[in-house]
Amino acid sequence: MSTEPRLRPLAEVCTALRARHRVLISSHARPDGDSIGSQLALAFALRSLGKDVRVVNRDPAPAPFLVFPGVGDIEIAERATGEFDAAVVLECSDLSRTGLAGLERYFIVNVDHHPGNAMYGAVNWFDGSVSACGEMVFDIVEGLGAPLSEAVATHLYVAILTDTGSFHFSGMTGRTFEICRRAVEAGARPADIARAVYDNNSLGRIKLLGSLLNALELEGGGRLAVLYLDESIVTAAGATPDDTDGIINVPLTVGHIDGVAFFRQIDAASYRVSLRSKGDVDVGGVAALFGGGGHKNAAGCTVPGSYSEVRPLVVERVIAAMDRAGRPSPESRVPNPESRVPNPE
């Protein structure tokens, strides 16, 4: 892709933000590391330019992120109130994903990297080629001429670290690591950030992980792991809904598992389904079939019905995606000598 189509909307975003003083920043409900990191990196950058900035979300940040600068100052609300010259919405394919009412009355700047973006803003920048929204925010920070302070750098690193699955997912490029290099040079501390995000578990989370993995089921000849969660399982583990974050990635560490479907009960008549995959297995396309979305290797959707109805519908389509990607069952796989890491000796 040439740089010109990418630079044009970036320039429009920067022009809009330069011209506006009071800015609201928001992102999707149940925020993750990319949404939190991207919002606060942009907030710190805009404040350094003298802007009046508020960050408002529908839901609180997960507990591990509270150690990072500014996270405790994020406002939690059901409705956006106050007078703003612009509302920057990050990581949302449509405005409803924020869960925040009242945003539609503002001048919307829409910045997103999820396929299927509805282009709902007065200014829209969609770039599906980046690994994280944090990469786009880095460009905005540079485009505005804002300093890459330690706080900005820390949040950019948090955004990229988490949305790449700690550098596991596809979509990363040399530019991804160049931004991380710049962030580290500006003061981001990778080891401290990784420990805060990944080594700060509650006992309830560990018990919940044990319960879910103990009940894990395999489909598609062992290629697909299926996890199920309802409120009773969370309560029995002494956990909270936030303690489920990242658990879906654990089964992918098994060599022969190419995908995970995680079914979380919303109520008796619907389930939130999170999907993860390896390589060319496109679970984003599966989620889209059910009105959801996301990326090729990480996506989600909400599906109406009972578990006995929802589970086979989703499982069948994920297995079909594996078949299309040419992922054979474990017993038929032959190790590829060329894929092994070479012995330096």
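The values are calculated or read from the model by the stated rules, or taken from the named source; none is laboratory data. Everything quoted here is computed from the prediction, not taken from an experiment. Here Cβ is always computed from backbone atoms with ideal geometry, including for glycine, and neighbour counts include all displayed protein chains.
Being under 21 Å from residue 323 (Cβ atoms), among the small types (Gly, Ala, Ser) and surrounded by fewer than 16 Cβ atoms within 10 Å (Cβ to Cβ) is the filter here, so list the residues in the range 261-285 that pass it.
279
Being out of contact with any Gly (no Cβ under 6 Å at 6 or more places or on another chain) and in contact (Cβ under 8 Å) with a residue 60 or more places away in the chain is the filter here, so list the residues in the range 98-112 that pass it.
Scanning the range 98-112 gives 98, 99, 100, 103, 106, 107, 111.
Out of the range 300-326, which residues are within 22 Å of the chain's Cα centre (by Cα) and either of a type in the set (D, E, K, R) or not in a helix (DSSP H, G or I) (or both)?
Of everything in the range 300-326, those that are within 22 Å of the chain's Cα centre (by Cα) and either of a type in the set (D, E, K, R) or not in a helix (DSSP H, G or I) (or both) turn out to be 300, 301, 302, 303.
Looking at residue 198, is it among the hydroxyl-bearing types (Ser, Thr, Tyr), modelled with pLDDT of 95 or more and over 30 Å from residue 291 (Cβ atoms)?
no
Is the range 227-235 home to any residue that is among the polar types (S, T, N, Q), assigned to a loop (DSSP other than H, G, I, E, B) and farther than 26 Å from residue 319 by Cβ?
No, there is no match, as no residue in the range 227-235 is among the polar types (S, T, N, Q), assigned to a loop (DSSP other than H, G, I, E, B) and farther than 26 Å from residue 319 by Cβ.
Against the condition surrounded by fewer than 17 Cβ atoms within 10 Å (Cβ to Cβ), more than 26 Å from residue 115 (Cα to Cα) and free of Cβ contacts under 8 Å to residues at least 40 places away in the same chain, how does residue 187 come out, does it pass?
yes
Could you look through the range 1-19, keep only residues that are in a helix (DSSP H, G or I) and polar (S, T, N, Q), and pick out the one that is modelled with the highest pLDDT?
Filtering first and then ranking leaves 15.
Out of curiosity, is residue 22 more than 17 Å from the chain's Cα centre (by Cα), over 15 Å from residue 144 (Cβ atoms) and at pLDDT below 95?
Spelling it out, it is not the case that residue 22 is more than 17 Å from the chain's Cα centre (by Cα), over 15 Å from residue 144 (Cβ atoms) and at pLDDT below 95.
Show the residue pairs that are 6+ apart or on different chains and have beta-carbon atoms under 7 Å apart, the first residue being within the range 146-157 and on the phi < 0 side of the Ramachandran plot, the second being of a type in the set (Ser, Thr, Tyr).
The qualifying pairs are 146/48; 147/48; 149/48.
For the range 131-170, give me the residue count where each residue is surrounded by fewer than 24 Cβ atoms within 10 Å (Cβ to Cβ), part of a loop (DSSP other than H, G, I, E, B) and not hydroxyl-bearing (Ser, Thr, Tyr).
Residues meeting the conditions: 8.
Within the range 232-242, can one find any residue that is surrounded by 14 or more Cβ atoms within 10 Å (Cβ to Cβ) and closer than 22 Å to residue 286 by Cα?
The answer is no; no qualifying residue exists.
Residue 315 - would you say it is modelled with pLDDT of 95 or more and in contact with a Phe, Trp or Tyr (Cβ under 7 Å, 6 or more places away or on another chain)?
So residue 315 fails the test.
Please enumerate the residues belonging to the range 56-79 that are in contact with a strand residue (DSSP E or B) (Cβ under 9 Å, 6 or more places away or on another chain) and surrounded by fewer than 21 Cβ atoms within 10 Å (Cβ to Cβ).
Once the filter is applied, which keeps residues that are in contact with a strand residue (DSSP E or B) (Cβ under 9 Å, 6 or more places away or on another chain) and surrounded by fewer than 21 Cβ atoms within 10 Å (Cβ to Cβ), the range 56-79 yields 58, 59, 60, 70, 73, 75, 76, 77, 78, 79.
Look at residue 260 and say whether it is touching a Lys or Arg at 6+ places or on another chain (Cβ under 6 Å) and hydrophobic (A, V, I, L, M, F, W, C).
When the stated conditions are applied, residue 260 passes them.
What single numbered condition from (1) among the hydrophobic types (A, V, I, L, M, F, W, C); (2) exposed (fewer than 13 other Cβ atoms within 10 Å of the Cβ); (3) touching a helix residue (DSSP H, G or I) at 6+ places or on another chain (Cβ under 8 Å) fails to hold for residue 224?
The single condition residue 224 does not satisfy is (2).
Can you find a residue that is of a type in the set (Gly, Ala, Ser), in contact (Cβ under 8 Å) with a residue 40 or more places away in the chain and not in a loop (DSSP other than H, G, I, E, B) anywhere in the range 199-218?
No, every residue in the range 199-218 fails to be of a type in the set (Gly, Ala, Ser), in contact (Cβ under 8 Å) with a residue 40 or more places away in the chain and not in a loop (DSSP other than H, G, I, E, B).
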